[in-house]
Amino acid sequence: MAGVIKETPKLAVSVVDVRDVADLHLRAMRSPKAAGERFLASTAAAVSLHDAARIIKEERPEQAERIADLSPLPPSLYPQLSNRKATATLQWQPRDYKTALLATVDSLVALASA
């Protein structure tokens, strides 16, 4: 949001809300089914900085004035991730990446004005 990134990095990542990570940790600690297992804390879809910039511009335009116009990435650069094990074993349901991203934006804005 500070306008530092001017080019699209060839990178897409899974975005997950920290509250959902904490929830997954608690579920894993409390469930006997989780003993000795590993779970991927991720949303079902990856997001690029182009995607994130677009969402911020659409949903938080007052915070987007310095965000550059970034180029979309080819689908081959998006990792295929699955949180199926966590959702099936622990009934974990993370927020979607858009909700997680916008919560981060709102937290950063609140922190900057505090």
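The values are calculated or read from the model by the stated rules, or taken from the named source; none is laboratory data. Here the structure is a predicted model, which is why all the values come from computation and not from measurement. Cβ atoms come from the backbone with ideal geometry, glycine included; neighbour counts cover every protein chain shown. These area figures cover heavy atoms from the full protein model, side chains too; ligands, DNA and RNA do not enter into them. Shrake-Rupley method; radii C 1.70, N 1.55, O 1.52, S 1.80 Å.
Suppose we keep only residues that are at pLDDT 95 or above, of a type in the set (A, V, I, L, M) and out of contact with any helix residue (DSSP H, G or I) (no Cβ under 9 Å at 6 or more places or on another chain) within the stretch 1-34. Which one would you say is nearest to Lys98 (Cα to Cα)? My answer is Val21.
Residue-wise test of (1) assigned to a helix (DSSP H, G or I); (2) open to solvent by less than 70 Å² (accessible area, probe 1.4 Å).
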{"residue": "Leu40", "(1), (2)": "no, no"}
{"residue": "Ser82", "(1), (2)": "no, yes"}
{"residue": "Thr99", "(1), (2)": "yes, yes"}
{"residue": "Ser107", "(1), (2)": "yes, no"}
{"residue": "Ala110", "(1), (2)": "yes, yes"}
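Among the residues making up the stretch 78-103, those that are charged (D, E, K, R) and closer than 15 Å to Val15 by Cβ are Arg95, Asp96, Lys98. Scanning the stretch 1-38 for residues that are open to solvent by less than 80 Å² (accessible area, probe 1.4 Å), acidic (Asp, Glu) and over 29 Å from Pro61 (Cβ atoms) turns up just one, Asp23. Of everything listed in (1) among the aliphatic types (A, V, I, L, M); (2) open to solvent by 60 Å² or more (accessible area, probe 1.4 Å); (3) in contact (Cβ under 8 Å) with a residue 40 or more places away in the chain, the single unmet condition for Ala52 is (2). I'm checking my understanding of the structure. Among residues of the stretch 60-80 that are among the hydroxyl-bearing types (Ser, Thr, Tyr) and over 30 Å from Leu111 (Cα atoms), which one is least open to solvent (accessible area, probe 1.4 Å)? Filtering first and then ranking leaves Tyr78.
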